[in-house]
Amino acid sequence: MDAAEFRKRGKEMVDYIADYLEKIDKRQVFPDVEPGYLRPLIPDSAPQDPESFEDVFKDIEKIIMPGVTHWHSPYFFAYFPAASSFPAILADMLCGGIGCMGFSWAASPACTELETVMLDWLGKMINLPEEFLAGKDGQGGGVIQGSASEATLISLLAARTKTIRRVQSEKPELTEADIMGRLVAYASDQAHSSVERAALIGGVKIKNVSSDDTFSVCGSALRKVLDEDKASGLIPFFFCATLGTTPCCSFDKLLELGPICNKENIWMHIDAAYAGSAFICPEFRHLLNGVEFADSFNFNPHKWLLVNFDCSAMWVKKRLDLTSAFKLEPLYLQHHHQESGLVTDYRHWQIPLGRRFRSLKLWFVLRMYGVTGLQAHIRKHIRLSHQFEHLVLQDERFEICAEVVLGLVCFRLKGSNELNKALLRSIDEAKKIHLVPCHLREKFVLRFAICSRTVESTHIKFAWQHISQLATDLLKTWE
């Protein structure tokens, strides 16, 4: 494919994507295929000779689309949002076209510098304390990770290194292995599974801290487990607080937890993967109060801020805590500006070496929507969640299982877990809407998350009428 054909085919692909997104509500939200559907539809091996773009293009609808779950459908209410917007898609095209590997400043100065500035922009939008911003001479700063899972792992590994060095300076007789065997990380019993996975990869123990009746961790619960573990000779070193838990969007109590972590030399990381986007709205910023006690903080613009995956924003108070844990300087990666103190080499902030020009997506979206446009998007989703909550509360057969704070409603039929599992099966089999469950304590609960950029009140009403009718049909047979 030469440049001339690329121009032609590129326009065709843009038209296809625009048509797909404009008419996505006409597609069945969840695919009607069985595992292994795709293999019989394509050859066993790659073609020896080139195929035409037309042949490839026609197979999109024939082979790919039948197996796609349409995350951007207004009938998709599962998981949390996967952000998407036309400015972000255009920026991704430019990112792919430039094709740089921004692992150091010298590898692509614009890639590095735009990312630093965009994370400062974003940090100011949510009113992060000044220590988290790079500015011109700050000690903190932001970085784009691939996911919140990566941000949690990076912060845990940095905390591990920092703690080992501190303990060895206090007790030189202890080996690294001695210390590693005693390190303990902590997170809420409602925390995302990626926190436990980070501890697994990091080779350290992790313990759940019990949440309260609102599914939040409070200071007394953390204090209790810390005292027990310290008395047993263990070394608490890391706590992951969650703002907007995956099961029910609950919020750990940072103002109680932060001072404890600071006093005990425990690195506090805040995972606000979904909820963090809402903090650009002043009326929700109080949910972030206590971030001043944290060592690192993360949220995903690729969930709720109209920036396509992947774009997970992470900030640290002291970037040296990260870079000193991961820094290696082979000659082929060195450059003559790296010791100037004026540049950032993001390879020291992350697991992979290579990195894409992801800040372009932030730059395009923040400029073309503006803060007010993004606030309007967040507020619309939250209004729609309260609309759904109101519909549920009007039906005495159902109950709301957790406070509706942002764009997630946790609900269920009053009755057994088996009854609610049967209701979810009915929803899955109908394939008119898509949602997923969670467990809250002993209850099997249905999660209804407002996700699509194009979702409207009519889609919420349709979803509720559909759920209500399925419940009516189920209860007749259940009785």
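The aspartates and glutamates whose alpha-carbon is closer than 12 Å to the alpha-carbon of Lys432, local same-chain residues fewer than 8 away aside, are Asp25, Asp32. Largest first, the residues Asp321, Asp2 sort by 1.4 Å accessible area into Asp2, Asp321. Remark on the stretch 100-356: hydrodynamic radius 18.6 angstrom, per the Kirkwood mean of 1/r across alpha carbon pairs. In the chain, the DSSP beta bridges split such that about 55 percent are antiparallel, to the nearest 5. Here the relative contact order of the chain, from alpha carbon pairs under 8 Å that lie six or more residues apart, stands at 22 percent. With a cut-off of 14 Å between beta carbons, the residues surrounding Leu470 carry a summed charge of +3, where Lys and Arg count +1 and Asp and Glu -1.
Ignoring ligands, DNA and RNA, what percent of the 1.4 Å accessible area of the chain is carbon and sulfur? List each step's numbers first, then the result.
Values: 12360 of 22330 Å².
Looking at the chain in its full context, I get 55 percent from C and S.
For the set Ser169, Ser277, solvent exposure ranked by accessible area (probe 1.4 Å, protein chains only) runs largest to smallest as Ser169, Ser277. Legend: residues Val217, Val225, sorted from most to least accessible area (1.4 Å probe; ligands, DNA and RNA excluded), read Val225, Val217. Per residue, the chain exposes 47 Å² of accessible surface when a 1.4 Å probe is rolled over the protein heavy atoms with every protein chain present.
Express the relative contact order of the stretch 199-342 as a whole percentage, based on alpha carbon pairs under 8 Å and six or more residues apart in sequence.
Numbers: 185 pairs, mean separation 22.9, N = 144.
Here the relative contact order equals 16 percent.
Of the options (i) 200; (ii) 183; (iii) 167, only one is volume of the Cα convex hull per residue in Å³ as computed from these coordinates, and that is (ii). Across the stretch 56-73, computed HN-Hα scalar couplings (Karplus, 6.51 cos²θ - 1.76 cosθ + 1.60, θ = phi - 60°) run 5, 4, 5, 7, 4, 6, 6, 10, 7, 4, x, x, 9, 8, 8, 4, 9, 5 Hz from first to last residue, x flagging Gly and Pro. Looking at the stretch 100-356, the DSSP beta bridges with both ends there are about 35 percent antiparallel. From the alpha carbon centroid of the stretch 112-139 to that of the stretch 213-284 is 23 Å. Using a simple spin-label model with pseudo-atoms 7 Å out from Cα toward Cβ, Ser324 and Asp227 lie 3.2 nm apart. Counting only DSSP beta bridges with both residues in the stretch 199-319, what percent are antiparallel, rounded to the nearest 5? Bridges in the stretch 199-319 are about 40 percent antiparallel.
Highest first, please rank the peptides 113-122, 226-235, 459-468 by the mean number of other Cβ atoms sitting within 10 Å of their residues. If you can, show how the numbers build up before the last one.
Details: 113-122: 20.5, 226-235: 13.8, 459-468: 18.4.
Those peptides, ordered most packed to least, come out 113-122, 459-468, 226-235.
Over the chain, DSSP H runs of length four or greater, each weighted -39,500 (n - 2.57), average out per residue to a 222 nm ellipticity of -13500 deg cm²/dmol. By the rule of a C-alpha distance below 28 Å, with chain neighbours fewer than 8 residues away ignored, the lysines paired with Lys431 are Lys23, Lys26, Lys58, Lys62, Lys303, Lys380, Lys414, Lys421, Lys443, Lys461, Lys476.
Taking the square roots of five times each eigenvalue of the Cα gyration tensor of the stretch 345-416, the equivalent ellipsoid has semi-axes of 39, 19, 7 Å, listed largest first.
The values are calculated or read from the model by the stated rules, or taken from the named source; none is laboratory data. Since the model is a prediction, treat every value here as computed from it, not as a measurement. Heads up, the Cβs are rebuilt from the backbone with ideal geometry, glycines too, and the neighbour counts pull from every protein chain shown. Note: accessible area is taken over every heavy atom of the protein model, side chains too, but ligands, DNA and RNA are not part of it. Shrake-Rupley method; radii C 1.70, N 1.55, O 1.52, S 1.80 Å.
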